[in-house]
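Trainee: Attaching a single structure in C-alpha cells format; questions to follow.
What follows draws every value from the coordinates through simple rules; no lab data is involved. Note that this is a predicted model, so its numbers are computed, not measured. No Cβ is skipped: glycine too gets one built from the backbone with ideal geometry, and neighbour counts run over all protein chains shown.
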Amino acid sequence: MHTKGPWRFNPDDFHIVSAEGAAIARVRPMLLNCSDDARLISAAPELLEACKDLAFECQLRNEGGSGQFITPPSQTTLRKLNAAIRKAEGKQP
C-alpha cells in the first residue's frame, strides 16, 4: 500500500512529500522536465483514487460490444478526476 495522499512537490529541495511532511521521493533536479515529472508523481494518489471511482461508476455494457455506460459518472467523481489531472499538469493552485 502506498503512502496516503495528498502528496505535494517542494521545489526548494525537489522532494515529493506526504501531507505530514515525510519525504516520499526526490526528483533529480538536473533532469530537463523534473518539475513536470514531480507534479505528475505528486498527483498519483488523487489520480489513482479518481480512476478507481470512475472505473467503479462507469461499468461498461459488454452486450454486443456496445460500450455504452450503464450509469454515467457522478459529478463528484468527475470533479475529483479533473482536479487530479489539473494537479498533474501543474494547473492547480
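Trainee: Amide H to amide H under 5 Å from residue 26: which residues, 5+ apart in sequence or cross-chain, H placed 1.01 Å off N in plane?
Mentor: Counting only residues 5 or more places away or on other chains, the set is 16.
Trainee: Relative contact order of the stretch 1-58, please, whole-number percent, based on alpha carbon pairs below 8 angstrom and at least 6 residues apart.
Mentor: Contact order relative to length: 31 percent.
Trainee: Quick one: if you stick a label point 7 Å off each Cα along the C-beta vector at residue 22 and residue 76, how many nm between them?
Mentor: 2.7
Trainee: Something else: Under a crude label model (7 Å from the Cα following the beta-carbon direction), how far is residue 32 from residue 10 in nanometres?
Mentor: For residue 32 paired with residue 10, the spin-label model returns 2.9 nm.
Trainee: Right, something else. For the stretch 1-59, run through the GluC sites (Glu not before Pro) and keep only the ones in DSSP coil with at most 12 other Cβ atoms within 10 Å of their Cβ.
Mentor: Qualifying residues, ordered by number: 20.
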